[in-house]
Amino acid sequence: MTRLQSSAPRTGQAGFNMLEILFSLLIVTTGLLGLAGTQVVAQRAELESYQRAQAIVLMTDIVDRINTNRKGAICYAVTTDSVAGTKYLGSAGAGKYDISAYSCPAMATNPAAVARTQLDLRFIDQMLLGASETIGGNKVGSMIGARACIGFDTAAQAYTVAVAWQGATSTFSPASWPIANNPALARNCALDLYGTDTQRRVMWTTIMVASLT
């Protein structure tokens with residue numbers, strides 16, 4: 001006797017086919033790549049924020065040192081070429097100020113104030129180099145390529161303190177700021193020292209030192 005077998009037609013799907021699996025992998029991969037890109041952007045923004053905060057701290061410290069040592073204030077003005085943005089303190093370069101060859105204008109007649117200025121310039125230089133924090137012998141307590149320009153405007157009788165560093169991404173060139181709103185020293189501090197100038201960041205302030213009698 002012949003035994004007949006029959007099967008009922010399938011009414012549902014038993015599993016995934018290869019095409020569906022490939023589409024699923026594509027969607028997951030796209031999502032992971034998007035997440036990785038978001039993390040990269042977030043890390044760059046965090047680095048920019050950290051460096052800007054460090055620059056504010058350093059700039060404030062320089063201003064405080066000038067205000068504290070008023071009789072030797074003119075001695076802090078190491079940046080004499082505001083167009084080229086030199087000399088500067090901090091990271092090495094052709095325009096770096098040589099503290100070992102320190103000299104002060106003749107109008108500064110207080111020996112103690114003059115000596116205090118030289119000591120302050122050394123401290124400022126070391127802070128810009130990141131000496132306040134070290135990891136494995138490396139100085140990491142400052143921004144990338146940190147430099148500071150300190151100039152004196154005889155016409156306005158005002159000091160300009162500018163802190164420059166290298167940003168993580170390209171934005172715009174500080175040298176393109178309107179001249180009417182920013183002194184040359186602020187726009188040009190450490191000019192052409194960070195590759196493309198759109199990666200140079202500059203933070204600055206202007207102060208006037210009272211002559212007390």
### Query
What are the residue pairs meeting all of these: first residue in segment 133-157, first residue closer than 21 Å to Leu121 by Cβ and polar (S, T, N, Q), second residue outside any loop (DSSP other than H, G, I, E, B) and at pLDDT 90 or above, Cβ atoms under 9 Å, and 6 or more apart or on different chains?
Ser142/Gln51; Ser142/Gln54; Ser142/Ala55; Ser142/Leu58; Ser142/Gly90; Ser142/Met127; Ser142/Leu128; Ser142/Trp165
### Unmet requirement for Ala106, which otherwise passes all of (1) within 22 Å of the chain's Cα centre (by Cα); (2) in a loop (DSSP other than H, G, I, E, B)
(1)
### Task
Confirm whether Gly90 is in contact with a helix residue (DSSP H, G or I) (Cβ under 8 Å, 6 or more places away or on another chain), crowded, with 20+ Cβ neighbours inside 10 Å, modelled with pLDDT of 95 or more and not hydrophobic (A, V, I, L, M, F, W, C).
yes
### Task
Name the residue, out of Asp64, Asp125, that is among the charged types (D, E, K, R), under 28 Å from Leu185 (Cβ atoms) and surrounded by fewer than 19 Cβ atoms within 10 Å (Cβ to Cβ).
Asp64
### Message
Name the single residue that is nearest to Ile150 (Cα to Cα) among those in segment 181-191 being in contact (Cβ under 8 Å) with a residue 12 or more places away in the chain, assigned to a loop (DSSP other than H, G, I, E, B) and more than 13 Å from the chain's Cα centre (by Cα).
### Response
Pro183
### Filtered residues of segment 130-166 (kept if surrounded by 20 or more Cβ atoms within 10 Å (Cβ to Cβ), under 12 Å from the mean Cα position of the chain (by Cα) and in a strand (DSSP E or B))
Arg147, Ala148, Ala162, Val163, Ala164, Trp165
### Task
Take segment 66-103 and flag every residue that is within 23 Å of Ala158 (Cβ to Cβ), outside any loop (DSSP other than H, G, I, E, B) and under 21 Å from the mean Cα position of the chain (by Cα).
Thr86, Tyr88, Leu89, Gly90
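The values are calculated or read from the model by the stated rules, or taken from the named source; none is laboratory data. All of these numbers come straight from a predicted model, not from anything done at the bench. Note: ideal-geometry Cβ built from the backbone for every residue, glycine included; neighbour counts use all protein chains shown.
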